[in-house]
Amino acid sequence: MIEHLLQSPPGWIHFLIFFCLGAILLAIVLGFVTYAILAERKVLGFMQIRIGPNRIGGRFGLLQTVADVFKLLIKEDIIPKLADRPLFILAPILAFAPSFLVLAVMPFSENVKFADIGVGLLYYIAVSGISAIGMLLGGWASNNKYSLLGGMRSAAQMISYEIPLVMSVIGVILFTGSLNLTDIVEGQKHVAYMFLSPIGFIVFFISSLAELSRTPFDLPEAESELVAGYHVEYSGFRWAFFMLAEYVYLFAMASLMTVLFLGGWNPIPFLGFIPGVIWFALKFSLIVFIMIWIRGTFPRIRADQLMEFAWKVLLPLALLNIFVSAAVKELFLK
Amino acid sequence: MDLYNVYQNNYLIVAVFLLLGILLPVGALTAGRLLRPNRPTKEKATTYESGIEPFQQSWIQFNVRYYLFALLFVIFDVETVFLYPWAVAYDELGLFALIEMAIFVLLLTLGLVYAWKKKVLKWN
């Protein structure tokens, strides 16, 4: 039925169906964010020998995040008098919209996918770059010294780590010969690309942590030095959208990593009877868990180490990876 | 004709996602307006500066130390623009293009080494 729909000329009925399907995905993503925050707090709690949230919603604090969101919804909305009002209002929207927009090309299984466009990977990288503008804009529009410095820092970190991030996937593109994310997963039928391009995988993983501004790269939100970075002046739901964007990117980045390096919905040999969506969810959850684990165990990197690490370590490694991948392709995949 | 429709429909999905991504914040903030209190005072609307009276604006001229990183970013981002099509078409291009790409990457690496030696990447 979907095949037929895609092959007929686009019209309002298509728009309506796509809108409903997109809204379902949005609801799933919001559900993920709600429970990812709870999972993060719980896992961090157990790692620090605490219990974590356990009051609202039964023993496991299942409604804690829901309560937090409602609290934010009824918070007074304060826009400083000196702030640039239109840009101040625009910034959270500009930061959030791309984070959901990138999910349009993500294939979750053979059947569960949305836009199947030829330049999927390039689209992801191009669109996710827009969020850095949202953060810089938020920092600038607040007319606050902390937030201006925080915004500058965020933007510098984002662009520095974007280079190794985009270079490390060239190995994957070489193996597949396509930028289409479905083709990339199909190409991993026999072996996942994390084994063929281990350097690329490690570089990608580290830079994705920096792109998500998660520990050990959470300098943009270093509470102890910049108060809260680019969103000092934001309160209530405007602030919530910056945070939401961060967690939706966590969803998107973990999905992208699953697709590019862990083989997407392809099963581990002999376990093919388990459906693809479940495989995808398992690999995806593993990455999210490892990211939380890293947050629980790593200290924050220093500002002077941050930039040097991207340009002096990750970038040369990513460049090297291109030619190592070409050699691997010549030797093993021909 | 079918393929053309599939193509158009796929980009319609992207447009729908863009619309949803804008509608959610706009909708949530509008709904919030009905729920949240609004009692503005003069003190609330001042800029936060750790409790002291804010002085001056922050929109002043100052040395943005990160601009050199921005320049480097542009160079290497353009490099990826060349590397992506090459990686996609690798099978058709063959060994000659691989050597060409190696020379191209080497030239840019020289640029990186130059910036490194000039202590551009150093934090001081």
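Laboratory data are not the source of any read-out in this text; all were calculated from the coordinates shown. As the structure is a prediction and not an experimental result, all values here were calculated from the model. Here the Cβ positions follow ideal geometry from the backbone for every residue, glycine too, while neighbour counts run over all protein chains shown.
3J(HN,Hα) couplings calculated from phi for the range A:259-273 with the Karplus curve 6.51 cos²θ - 1.76 cosθ + 1.60 (θ = phi - 60°) are, in sequence order, 5, 7, 10, 9, x, x, 8, 5, x, 5, x, 6, 10, x, 6 Hz; Gly and Pro show x. Structure remark: mean-square fluctuation, Gaussian network model of chain B, C-alpha springs under 10 Å; the largest value among B:Phe73, B:Phe82, B:Phe17 belongs to B:Phe17. For the range B:52-60, the Karplus equation 6.51 cos²θ - 1.76 cosθ + 1.60, evaluated at θ = phi - 60°, returns couplings of 7, 4, x, 10, 6, 8, 9, 8, 10 Hz by residue, with Gly and Pro reported as x.
In deg cm²/dmol, rounded to 500, what helix-only [θ] at 222 nm does the protein assembly as shown give when every DSSP H run of at least 4 residues adds -39500 (n - 2.57) and the total is split over its residues?
Taken over the protein assembly as shown, the calculation gives -21500 deg cm²/dmol.
Compare the Cα positions of A:Ile2, A:Ala310, B:Ser50 along the charge dipole of the protein assembly as shown (+1 at Cβ of Lys, Arg; -1 at Cβ of Asp, Glu; about the Cα centre) and return the one farthest towards the positive end. In the protein assembly as shown, that residue is B:Ser50. Helix A:85-101 and the longest principal axis of the C-alpha atoms of chain A enclose an angle of approximately 20°. A Cβ-based charge dipole, computed about the Cα centre of the range B:2-117 with Lys and Arg at +1 and Asp and Glu at -1, lands at about 920 debye. Residues in the range B:106-116 carry Karplus couplings, in order, of 4, 4, 5, 5, 4, x, 5, 4, 4, 4, 4 Hz; the curve used is 6.51 cos²θ - 1.76 cosθ + 1.60 with θ = phi - 60°, and Gly or Pro positions show x. Restricting the range A:1-98 to GluC sites (Glu not before Pro) that sit in a DSSP loop and have at most 16 other Cβ atoms within 10 Å of their own Cβ leaves A:Glu76.
Each part reduced to its alpha carbon centroid, the range A:258-334 and the range A:19-52 end up 22 Å apart. Between helix A:276-297 and chain A, what is the angle of the helix's C-alpha long axis to the longest principal axis, kept within 0 to 90° and rounded to the nearest 10? That helix lies at roughly 50 degrees to the long axis. Once a ≥ b ≥ c are taken as the square roots of the eigenvalues of the Cα gyration tensor of the range B:2-117, is the result rounded (a/c under 1.5), prolate (a/b larger than b/c) or oblate (a/b not larger than b/c)? Note, shape of the range B:2-117 comes out oblate. Taking 0.36 nm per residue of separation and subtracting the Cα-Cα distance, full extension of the segment from A:Val191 to A:Phe289 would add 33.0 nm.
Centre-to-centre, using Cα atoms only, the range A:139-178 and the range B:68-124 are separated by 17 Å. A DSSP coil position with no more than 10 other Cβ atoms inside 10 Å describes none of the chymotrypsin sites (Phe, Trp or Tyr not before Pro) in the range A:92-166. The charge dipole of the protein assembly as shown, taken about its Cα centre with unit charges on the Cβ atoms of Lys, Arg (+1), Asp and Glu (-1) only, comes to about 1460 debye. Classify the protein assembly as shown as rounded, prolate or oblate, taking a ≥ b ≥ c as the square roots of the eigenvalues of its Cα gyration tensor: rounded when a/c is under 1.5, otherwise prolate if a/b is larger than b/c and oblate if not. Note, shape of the protein assembly as shown comes out oblate.
Of all lysines in the structure, the ones whose alpha carbon falls short of 17 Å from that of A:Lys81, not counting any fewer than 8 places away in one chain, are A:Lys145, B:Lys42, B:Lys44.
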